[in-house]
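The values are calculated or read from the model by the stated rules, or taken from the named source; none is laboratory data. Treat the numbers as computed from the prediction; the structure is a model and nothing was measured. Virtual Cβ from ideal backbone geometry, glycine too; neighbours counted across all protein chains shown. Just the protein is used for accessible areas: all its heavy atoms, side chains included, with ligands, DNA and RNA removed. Shrake-Rupley method; radii C 1.70, N 1.55, O 1.52, S 1.80 Å.
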Amino acid sequence: MKKFAVLMLALAVLCLYAAAQDSPAAPQEKKVFSYAYSIDDLPNGMRVITVPTDSPNLVALYMVVKTGSRNEVEPGKSGFAHLFEHLMFRGSKKYTPEQAEEVLRRAGASSNAYTTDDRTVYHAVFSKEDLDRMMDVQANAFQHLQYSRDAYKTETGAVLGEYNKNSANPISKLYEVLRETAYTKHTYSHTTMGYIKDIEDMPNLYDYSLEFYNRYYRPEYVTMLAVGDVQRDQVLALAKKHYGDWKRGSYVAQIPAEPPQTSPQVRHVDWPTPTLPWVVVAYRGAAYSDSDKQAAALDLLANLAFGQNSDLYQKLVLKEQKVATMDGGQDMRVDPELFAVMARVKDVKDVNYVRDQILATYKQFAETLVPADRLAATRSRMRYDFALSMDSSSAIAGALAPYIALRSTPETINRRYALYEQVSPEDIREAARKFFTEHNQTVVTLSTKANSSEKGGL
């Protein structure tokens, strides 16, 4: 009996071994963001993310503030998120602007900032030996920013100059008109720069600037991202040292909800100086999501329908040469963003033709299924383009920052790219049918005023 039991056990082991040999190998999890990282939350709500890399000596330190032009909820107060991109370099109680600049200079640091609808990001790259001192300068600006009324007025003047400079670019005006046409309530209706009337009034709003700072420059709005020649214990200890006493705030902006669009919108911009005409065809799109396949489907559709490998691009840009540049898609945003296709047309007489070709492509993707092999190739290209873009500590931090602002974890990147793998041709068509409807549409054109009159149709 004992011999029989041993024999049966041996047979069972052999069967299991055979079964294991016959079974297909378990699919390996494909993570597009494959770097090891750690996440730590300070008691005050500030998050610290550390990503050690093989890059020797250098550190990329990013401070991601979940505040952008979306947070500018009061009428007459647009543009303040971007203004702080300037004010934050105006010194603190501990460091004058000159002293802070001297620390950066001695560290050989590359430092800058940018603002979008949903976030403001301050970033610096420097030698790892300077991490403590750099964090001290930065922490003092975040907690003890100090600027005089004169310095404030100087920076508001710089912002006005930046607006005027950008306004010389027709794309800036096209984008401004597109957003204020497509949105009626939501703060996405104004650009990051803000309305010109608000910028002109900024010099009178010194006290409001302090209020804006006290609202949003709080630990619960901020994530520190340290990438490079760093270790978790080191970064966390320094974060506690410099930010541990930072007091949590309580302000939560009430972002106005955008009502559904009920009819197509059309606008035209007469440009005062000679320029090639532009046309943009946009639809209300989706908010960023790492769990909703329709949001991921729109990303794939943007590449399939309007990317440089698309049939439309090949036709309008390369074959017919009616269009100088064309691009399409939607940015990752907290709330539903516009899916827009912009084209710079070579001749004003072709603007309506190009517009109709873009509209026909939208319709095509709502009616027909994209070939599975093209979808697979697009998915693969997007994946490898993203992976290859992270070729330095600074590039890794730069790629992470938008996702950190949206979901506070690098893992959302892997979830998003896993979603791409699940999107089918039917999902692409369904997303096109849902979002690319006539009542959801906004078309804006721009051309030189004289040309517009000659054309008569714009």
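Annotations
- The chain: calculated mean residue ellipticity at 222 nm from DSSP helix runs of at least 4, using -39500 (n - 2.57): -14500 deg cm²/dmol
- The chain: relative contact order as a whole-number percent, Cα under 8 Å and 6+ apart: 22 percent
- Shown for region 302-458: the carbon plus sulfur share of the solvent-accessible area, taken with all protein chains present and a 1.4 angstrom probe, equals 47%.
- Summary of the geometry: region 284-323 and region 29-49, compared by the centres of their Cα atoms, lie 31 Å apart.
- Per residue solvent-accessible surface (Å²) - the chain, probe of 1.4 Å: 47 Å²
- Placing Asp385, Asp201, Asp391, Asp335 in order of accessible area, with the largest value first and a 1.4 Å probe, yields Asp391, Asp385, Asp201, Asp335.
- Among the trypsin sites (Lys or Arg not before Pro) in region 61-125, those located in a DSSP loop and surrounded by at most 15 other Cβ atoms within 10 Å of their own Cβ are Lys93, Lys94.
- Surface composition of region 118-222: carbon and sulfur atoms hold 48% of the protein heavy-atom accessible area at a 1.4 Å probe.
- Whole-Å distance, taken between Cα centres, linking region 73-146 and region 224-255: 14 Å
- Solvent accessible area, Å² - His123, 1.4 Å probe, full protein context: 40 Å²
- Region 171-260 - percent relative contact order, Cα under 8 Å, separation 6 or more: 42 percent
- Prolate/oblate/rounded label for the chain (Cα gyration tensor, a/c 1.5): oblate
- log10 of Debye I(q)/I(0), alpha-carbon scatterers only, for region 24-134 at 0.12, 0.16, 0.19 Å⁻¹: -0.60, -0.96, -1.19
- For Glu426, the accessible surface of its heavy atoms amounts to roughly 90 Å² (probe 1.4 Å, protein chains only, rounded to the nearest 10).
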